[in-house]
Amino acid sequence: MNQSQEIPDTRTRLLDTAERLFGEHGFNGVGLRTISEDAEVNLGAATYHFGTKENLYKEAFLRRFLPTCERRLHLLKTAKEASGDQPLSAENILECMLLPIFDTLYSHPAFFKFMSHNLFWPSPFMQQVVENEHAHAFQPFVESFQSLYPTLSPDIIMRQMKYCAGALFFSVGRTLDAYTSLNEEEVKERVNHLLRFCAAGFEEMA
């Protein structure tokens, strides 16, 4: 195997291992050497690819978080184009906002704990990273909800959105293993239930 083939494989193993171990132990609970040993690569390879533990942590988080945010924005843009001049319903907006997160967490179960750490208890060096990406990813949804509910302030809308995200994380955290035994229609029904629940919260506030 030549070097060009080894480099992406080594990086992926390090990122996968970092995602799992950082999710289980947090940033301070695991070192670069432990991650390297678990990934079955030498410490020098980890240093070569990422430089520091902080850089590995950031890249491991952003490699799934950024595509998820981009998919959310793409779904919202597509939904708006399809609706024309009519505002999207609360359920439409919430589906664009929550479904990509749901899909990512169920496709990559180890990322659930890792993402939870960074959204709810971020390390100091991650706070600005998360805030910047959240601002980019959330503002179009705030604007969509304002079009639907013009009497609601951006602060109230943002609070409601956080409540909805919290409901999603609670649901996933409580049922992550259980969902693996459900068929596609059963999973869809539970997701739709969550969307209706969250949409009702917006309707109540409006």
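The values are calculated or read from the model by the stated rules, or taken from the named source; none is laboratory data. Please read all numbers here as calculations on a predicted model, not as lab measurements. Here the Cβ is made from the backbone with ideal geometry for all residues, glycine too, and neighbour counts use every protein chain on show.
Figures for the structure shown
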{"read-out": "Options SER171, SER144; residue that is in contact with a Pro (Cβ under 8 Å, 6 or more places away or on another chain), in a helix (DSSP H, G or I) and surrounded by 17 or more Cβ atoms within 10 Å (Cβ to Cβ)", "value": "SER144"}
{"read-out": "Matching residues in segment 102-115 - criterion: being within 19 Å of ARG72 (Cα to Cα), at pLDDT 85 or above and assigned to a helix (DSSP H, G or I)", "value": "PHE102, ASP103, THR104, PHE111, PHE112, MET115"}
{"read-out": "Single condition ASN55 does not satisfy, out of (1) over 20 Å from the mean Cα position of the chain (by Cα); (2) farther than 28 Å from PHE197 by Cβ", "value": "(1)"}
{"read-out": "Hey, PHE120 modelled with pLDDT of 85 or more and aromatic (Phe, Trp, Tyr) or not", "value": "no"}
{"read-out": "Segment 194-206 residues that are farther than 11 Å from ALA167 by Cα, paired with ones that are modelled with pLDDT of 95 or more and of a type in the set (Gly, Ala, Ser) (beta carbon under 7 Å, 6 or more apart)", "value": "ALA199/ALA90; PHE202/ALA90; GLU203/ALA90"}
{"read-out": "Check on GLU133, loosely packed, with under 13 Cβ neighbours inside 10 Å and part of a helix (DSSP H, G or I)", "value": "no"}
{"read-out": "Where GLU6 falls short, out of the listed (1) acidic (Asp, Glu); (2) exposed (fewer than 13 other Cβ atoms within 10 Å of the Cβ); (3) at pLDDT 95 or above", "value": "(3)"}
